[in-house]
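Visitor: Here it is: the structure, laid out below.
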Amino acid sequence: MATISLNQENFQDTLNNNAILLIDFWADWCGPCKMFGPVFEKVSEKHQDIAFAKVDTQEQQELAAAFGIQSIPTLAIFRDQILLYKNPGALPENALDDLIQQVRDLNMDDIRREIEKQEAENGHGHQHDHDHDHGHDHDHDHEHHHGHDHEHDHDHDHHDHSH
């Protein structure tokens, strides 16, 4: 599959319709972008099940701004509509291959749980309920109390003896 040119019209559909989406943010005047372009194209031929998309930051300034693109080329990688990677710099082919393999190997359930956990930490209601279990402490106090009685009896005998 050849690379797709992304714009604001097709961005959401492209994101929703592909489990893994790589986006190359580039511009015509950018030297490193022109070096990375052919690498991006070549790697896209090896991974037919992944969407490889390019964003011309001059033509698609709003899309580039939405991603907060500061320098180009920048590579962004989505999996299941979750942004996993966004870094500037032209990657060599083997580094791009490694990165794609890492994204393929990720357990997305873990990623989603991590995101949910971060969201949950904004409210502490659930954590408070979890801590509110004093059953074990109560049992422990009870045993300790019993031991103390035994000690008390022993002291009492000793007292009689000295008397």
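Just so you know, all these numbers are worked out from the coordinates, no wet-lab data involved. Computed from a predicted structure; not experimentally measured. Quick reminder, even Gly has a Cβ in these numbers, built from the backbone with ideal geometry, and neighbours come from all protein chains shown.
Visitor: In terms of Cα to Cα distance under 28 Å, which lysines are near enough to K117, apart from those fewer than 8 places away along the same chain?
Guide: K86
Visitor: In addition: Whose amide H sits under 5 Å from the amide H of A53, counting only residues 5 or more places off or on another chain, with H placed in the peptide plane?
Guide: I4, L22, I23, D24
Visitor: Right, next: What does the charge dipole of region 1-67 about its Cα centre add up to, to the nearest 20 debye, if the Cβ of each Lys and Arg holds +1 and the Cβ of each Asp and Glu holds -1?
Guide: Around 280 debye, computed over region 1-67.
Visitor: Next up: What are the ³J(HN,Hα) couplings of region 30-47, residue after residue, when phi is run through the Karplus curve with 6.51, -1.76, 1.60 and θ = phi - 60°? Round to Hz, x for glycine and proline.
Guide: My calculation for region 30-47 gives 9, x, x, 4, 6, 6, 6, x, x, 5, 4, 4, 5, 5, 4, 5, 7, 10 Hz in order.
Visitor: How high is the relative contact order of region 1-98, in percent, counting Cα pairs under 8 Å that sit 6 or more residues apart? Intermediate results must be reported in sequence, preceding the final value.
Guide: On the way: 168 pairs, mean separation 36.7, N = 98.
For region 1-98, the relative contact order is 37 percent.
Visitor: Just the C-alpha atoms of region 26-127: what Rg/Rh do they give, with Rh taken as the Kirkwood radius? Write down the numbers at each step before the final one.
Guide: Numbers: Rg = 16.4 Å, Rh = 15.5 Å.
Taking Rg over the Kirkwood Rh, I get 1.06.
Visitor: Of the peptides 22-29, 5-12, how do they stack up when ordered by the mean number of other Cβ atoms within 10 Å, highest first?
Guide: Values: 22-29: 20.5, 5-12: 13.5.
By packing density, highest mean first, the sequence is 22-29, 5-12.
Visitor: What's the extension gain from A65 to I111 if we count 0.36 nm per residue and subtract their Cα-Cα distance?
Guide: 14.0 nm
Visitor: Taking the inverse of the average 1/r across all pairs of different Cα atoms in region 1-41, what Kirkwood radius in Å do you get?
Guide: After inverting the pairwise mean of 1/r, the radius is 11.5 Å.
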